[in-house]
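Throughout, read-outs are computed from the coordinates displayed, never taken from laboratory work. What you see is a predicted model; the values in this text were computed from it and never measured. Using ideal geometry, Cβ is built from the backbone for each residue, glycine included, and neighbour counts are taken over all protein chains shown.
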Amino acid sequence: MSMLTRRHLLRQAALSATAATPAGAALGTVTAAAGATALTGCQSGDSAAPGEPAASPAARLHFPANFGWGAATSAYQIEGAAKEDGRGESVWDTFSRTPGRTRNGDTGDVAADHYHRYAEDLDLMRDLGLRSYRFSISWPRIQPDGTGAANQRGLDFYRRLVDGLHERGISPMATLFHWDLPQTLQDAGGWESRDVAYRFADYAATVFAALGDRVPVWLTINEPKTVVQNGYLYGHHAPGRQDPDAAYLVAHHLQLAHGLAVQALRAGGHGGRIGPAFNLHPCYPADDSSGATEATRLYDGYENRLYLDSALKGSYPEDVLADLGPTSRMVRGIRDGDLKIISSPIDLLAVQYYTPIYVTATGGTVRRWPTSEASWQQIYPDGMYDILTRVTRDYGSIPLTVTENGLPTPDVLAADGTVEDTGRVNFLRDHLAAAHRAVTDGVPLESFHVWSLLDNFEWAEGYDQRWGLIYVDYPTQRRVLKRSAHWYRQVIADNAL
Ligand code: FCB
């Protein structure tokens with residue numbers, strides 16, 4: 001494994017240790033395709049300055065008709081009810097209950113208690129005017145041990161949720177896997193085991209059979225890269241490993257599982273659309289040296305092309321494979337026909353954007369923009385434009401949905417019952433403006449989901465980080481619409497920023 005890869009592994013340490021580089025230093029920005037296709041159904045006026053309201057109706061940024069305004073959550077982060085209705089254990093139950101793994105020892109045992117309060121949460125979604133709700137299905141609720149017959153009570157919960165969405169005119173978007181692998185499958189090798197990809201396809205087929213008639217959009221695997229990096233390189237997510245060679249074998253098996261699930265949907269004759277959910281990080285050289293440009297290229301391979309190329313082009317990037325080396329577990333684990341499965345035709349691609357990455361000539365990283373409460377995040381709205389236009393330029397005009405974008409802020413419930421999260425309003429306005437610019441330049445973006453609908457269990461950060469449009473007062477489980485929720489409701493009603 002090369003020096004660059006080792007650098008890559010140390011990315012997080014570098015991100016938190018390095019001071020910002022001077023503003024105005026040269027950047028190798030990714031630019032939109034020349035001659036991008038013309039805008040359809042979207043008008044653009046002058047953009048408001050960051051943090052300021054739009055000047056006049058004529059100057060507002062209008063989104064295409066039927067734009068899918070949404071919000072996102074995931075099962076382990078909001079549901080709670082960890083031991084109810086036959087749910088099995090997941091790797092996140094094990095991990096969060098292990099002393100020292102999460103902030104304050106927080107677990108998802110109760111979380112936002114959404115399993116019991118889903119009807120109230122559905123009403124809040126309707127009040128916001130959401131048109132799309134992205135949630136995830138908990139594999140251990142459906143198959144407590146990861147295999148075999150379905151647990152009907154688990155399926156019933158998601159049927160109630162999906163029906164409740166339809167009753168309120170909200171379109172369901174279901175993610176099949178948002179990191180809560182059944183613990184029994186982890187005990188059998190987890191994603192290092194090729195067999196788990198086939199178990200995932202069986203689970204997916206079970207879910208499609210039960211809900212395929214009611215869910216129009218399916219997402220296979222949420223952020224495979226985060227499982228690879230946080231779960232198997234750095235070890236601060238479940239299952240808490242630090243093993244680079246295992247990590248990229250896991251990447252291959254996650255991609256294989258994605259492809260098998262796509263095939264399972266088609267085989268079942270269900271009508272829904274399906275695609276993967278990738279967190280993409282635009283990578284820029286930290287300076288104008290040729291070394292930084294070269295290092296950025298490989299960095300981008302690990303961050304983006306590993307997942308995009310395999311799913312959309314049917315090949316892994318040569319530079320990444322060469323860097324991993326022929327004796328790596330991943331390269332040895334690729335079998336004939338795997339890439340064909342992984343690149344099974346998809347209907348849409350889900351993009352999650354939070355931060356850019358700036359890469360130095362030695363493969364390290366530097367910070368260029370202000371960070372948030374999440375130390376890995378730099379606030380750079382133009383990165384949204386760059387990643388959306390890049391995907392369209394490099395992978396063709398596949399329909400896109402943004403399934404996550406958001407900011408943690410230090411939200412406080414004031415005595416008058418308000419939560420003034422103006423930082424989130426500004427962040428979302430700037431990122432939506434960048435998404436709008438991408439649409440104007442021909443990107444087929446059909447929907448946008450704020451992360452998150454509700455404050456929730458932010459993995460290793462526990463409940464300290466609040467990412468929701470809706471404040472959750474955990475001791476009482478009371479929900480309070482933050483200022484950002486009121487703002488978003490108006491954006492949706494106006495279909496414009
Ligand atoms: C993404 C995850 C999501 C949440 C946000 C902040 O990487 O998919 O569950 O943790 O980050």
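Worth a mention:
- Residue in the range 148-170 that is buried (at least 18 other Cβ atoms within 10 Å of the Cβ), within 16 Å of the ligand (Cβ to nearest atom) and either charged (D, E, K, R) or closer than 25 Å to T94 by Cα (or both) present: no
- Comparison of R368, R305, R297, R335 shows that the only residue that is closer than 30 Å to A174 by Cβ and more than 22 Å from the chain's Cα centre (by Cα) is R335.
- Counted residues, the range 256-292 - those being assigned to a strand (DSSP E or B) and within 16 Å of the ligand (Cβ to nearest atom): 5
- Within the range 113-125, the set of residues being closer than 30 Å to V196 by Cα, part of a helix (DSSP H, G or I) and touching a residue at least 60 places away in the same chain (Cβ under 8 Å) comprises H114 only.
- Residue check, R437 within 24 Å of E79 (Cα to Cα), surrounded by fewer than 23 Cβ atoms within 10 Å (Cβ to Cβ) and away from the ligand (no atom under 16 Å from the Cβ): no
- Applying a threshold of 6 Å to beta carbon distances and a minimum spacing of six or more residues, or different chains, the list of pairs starting in the range 428-457 at a residue that is within 30 Å of R478 (Cα to Cα) and hydrophobic (A, V, I, L, M, F, W, C) and ending at one that is part of a helix (DSSP H, G or I) and within 16 Å of the ligand (Cβ to nearest atom) reads L454/I78; F457/Q77.
Here's the yes/no breakdown for (1) crowded, with 19+ Cβ neighbours inside 10 Å; (2) touching a helix residue (DSSP H, G or I) at 6+ places or on another chain (Cβ under 7 Å):
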site: T327; (1), (2): no, no
site: I357; (1), (2): yes, yes
site: T362; (1), (2): no, yes
site: T365; (1), (2): yes, yes
site: I379; (1), (2): no, yes
site: D382; (1), (2): no, yes
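- Qualifying positions in the range 234-255 - touching a helix residue (DSSP H, G or I) at 6+ places or on another chain (Cβ under 8 Å) and either within 17 Å of T102 (Cα to Cα) or within 13 Å of the ligand (Cβ to nearest atom) (or both): Y234, H236, H237, A238, P239, G240, R241, Q242
- V110 being under 21 Å from the mean Cα position of the chain (by Cα) and more than 16 Å from the ligand (Cβ to nearest atom): no
- Those residues of the range 373-411 which are assigned to a loop (DSSP other than H, G, I, E, B), within 15 Å of the ligand (Cβ to nearest atom) and of a type in the set (A, V, I, L, M), in sequence order: A374, I379, L407
- Here the range 440-468 is the region considered, the condition is being polar (S, T, N, Q) and not in a helix (DSSP H, G or I), and the residue that is surrounded by the fewest Cβ atoms within 10 Å (Cβ to Cβ) is Q465.
- The requirement of being at negative phi, more than 16 Å from the ligand (Cβ to nearest atom) and of a type in the set (D, E, K, R) is not satisfied by R466.
- Verdict on Y474 being closer than 24 Å to Y133 by Cβ, more than 17 Å from the chain's Cα centre (by Cα) and within 16 Å of the ligand (Cβ to nearest atom): no
- Tabulated pairs, the range 59-85, first buried (at least 24 other Cβ atoms within 10 Å of the Cβ), second among the β-branched types (V, I, T), C-beta under 6 angstrom, 6+ apart or interchain: A71/V450; A72/T403
- Scanning the range 335-359 for residues that are in a loop (DSSP other than H, G, I, E, B) and away from the ligand (no atom under 16 Å from the Cβ) turns up R335, D336, G337, S343, S344, P345, I346, D347, L348.
- Of all residues in the range 56-88, those satisfying the criterion of being charged (D, E, K, R) and in contact with a Lys or Arg (Cβ under 7 Å, 6 or more places away or on another chain) are D85, R87.
Yes/no per residue for (1) touching a residue at least 60 places away in the same chain (Cβ under 8 Å); (2) not small (G, A, S):
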| residue | (1), (2) |
| --- | --- |
| D127 | yes, yes |
| S136 | yes, no |
| D145 | no, yes |
| D163 | no, yes |
| S171 | yes, no |
| D195 | no, yes |
| A201 | yes, no |
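- Among the residues making up the range 163-183, those that are within 15 Å of F200 (Cα to Cα) and among the polar types (S, T, N, Q) are T175, Q183.
- Residue list for the range 475-497, restricted to those being without any contact (Cβ under 8 Å) to a residue 60 or more places away in the chain and assigned to a loop (DSSP other than H, G, I, E, B): P475, T476
- Once the range 412-430 is narrowed to residues that are part of a loop (DSSP other than H, G, I, E, B) and buried (at least 22 other Cβ atoms within 10 Å of the Cβ), the residue that is farthest from the ligand (Cβ to nearest atom) is V419.
- In the range 302-330, the residues that are among the polar types (S, T, N, Q) and within 20 Å of A277 (Cβ to Cβ): N304, S310
- Number of the exception - T296 against (1) crowded, with 21+ Cβ neighbours inside 10 Å; (2) part of a loop (DSSP other than H, G, I, E, B): (2)
- Selection within the range 182-204: residues that are farther than 18 Å from Y248 by Cβ and not in a helix (DSSP H, G or I). The member of this set that is farthest from the chain's Cα centre (by Cα) is A188.
- Take the conditions (1) out of contact with any Gly (no Cβ under 6 Å at 6 or more places or on another chain); (2) more than 16 Å from the ligand (Cβ to nearest atom); (3) not hydroxyl-bearing (S, T, Y); E446 misses just one of them, which is (1).
- Residue, farthest from D245 (Cα to Cα), within the range 302-334, restricted to residues that are free of Cβ contacts under 8 Å to residues at least 24 places away in the same chain and of a type in the set (D, E): D309
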